[in-house]
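Engineer: Here it is, the structure in full.
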Amino acid sequence: MVRLITRYLRRCTVPGAHAASPLAPPADAALAMARTPSPAPDLPSRPAPELVLTDAPGPSATAVISDALDRFNTGITGIDDRLPLAVLVRAPGTRRILGGLTGRTSLGLLFIDLFHLPPELRGSGLGSAILRRAEEEGRARGCRSAVLYTISFQAPGFYERNGWRRMGEVPCMPAGTSRVFMTKEL
């Protein structure tokens, strides 16, 4: 450790610099500091928080994290505009949900989180109508742009036909597949 500090100090020393210069600290003082352990701060002892890994956090756990982050963002920005958004497709008669889109708006950005239609409802223009409805609501809420990600085997072409553009891709499983991140100005 002392050797590393000495080498670092030699690299940081400016030739001809005065010994008191911040760019050329005296090597002896730096070595003495490296050898002297710092006293531990006088903190009250508290039990360490427990870390819990789960694949089922539950709605209340998710709400604690989401609400706290929202309060933090609002405290920094002064903007409290976070709202969920959904465009749902219901079966006539039963009103059973068949598919649709979920997302949210926050800080002037529309997020598309999930979008699914069963195969029998695809290709009719319904998907584009759902997407347009979400974009219109985003604009009505003051959003200037929108973001989403899809998977390369899902629907990047659909989004591109609806005016979205790719802004990046991240490889994922299976080999040759990627998450495609997309955006659109509203």
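Engineer: For segment 113-147, give me each residue that is open to solvent by 10 Å² or more (accessible area, probe 1.4 Å), under 30 Å from F72 (Cβ atoms) and part of a strand (DSSP E or B).
Structural biologist: D113, L114, F115, S145, V147, listed by residue number.
Engineer: Could I ask something else about it? Quick check on my filter: what residues within segment 87-112 are β-branched (V, I, T) and assigned to a loop (DSSP other than H, G, I, E, B)?
Structural biologist: The one that is β-branched (V, I, T) and assigned to a loop (DSSP other than H, G, I, E, B): T94.
Engineer: What's the total number of residues in segment 148-161 that are more than 23 Å from the chain's Cα centre (by Cα), farther than 24 Å from I97 by Cα and open to solvent by less than 80 Å² (accessible area, probe 1.4 Å)?
Structural biologist: Residues that pass the stated criteria total 1.
Engineer: Sort out which residues of segment 74-103 are polar (S, T, N, Q) and under 19 Å from the mean Cα position of the chain (by Cα), and write them in order of number.
Structural biologist: T74, T77, T102
Engineer: Please find, among G93, G100, the residue that is at positive phi and at pLDDT 95 or above.
Structural biologist: G100 is the lone residue from the list that is at positive phi and at pLDDT 95 or above.
Engineer: Would you pick out the residues in segment 104-142 that are at positive phi and under 28 Å from the mean Cα position of the chain (by Cα)?
Structural biologist: Result: L107, G108, G142.
Engineer: So which residues in segment 167-186 are among the charged types (D, E, K, R) and under 24 Å from S124 (Cα atoms), if there are any at all?
Structural biologist: Answer for segment 167-186, where residues must be among the charged types (D, E, K, R) and under 24 Å from S124 (Cα atoms): just K184.
Engineer: Does segment 56-63 contain at least one residue that is open to solvent by 50 Å² or more (accessible area, probe 1.4 Å) and polar (S, T, N, Q)?
Structural biologist: Within segment 56-63 (the criterion being open to solvent by 50 Å² or more (accessible area, probe 1.4 Å) and polar (S, T, N, Q)), the answer is yes, since at least one residue qualifies.
Engineer: When segment 162-179 is examined, which residues are found to be within 15 Å of L131 (Cα to Cα) and either open to solvent by less than 50 Å² (accessible area, probe 1.4 Å) or not in a strand (DSSP E or B) (or both)?
Structural biologist: Those that are within 15 Å of L131 (Cα to Cα) and either open to solvent by less than 50 Å² (accessible area, probe 1.4 Å) or not in a strand (DSSP E or B) (or both): N162, G163, W164.
The values are calculated or read from the model by the stated rules, or taken from the named source; none is laboratory data. These numbers were taken from a predicted model, which means no experiment stands behind them. Ideal geometry is used to build each Cβ from the backbone, glycine not excepted, and the neighbour counts take in all protein chains shown. Each accessible area value is taken on the protein alone, full model and side chains, heavy atoms only, with ligands, DNA and RNA left out. Shrake-Rupley method; radii C 1.70, N 1.55, O 1.52, S 1.80 Å.
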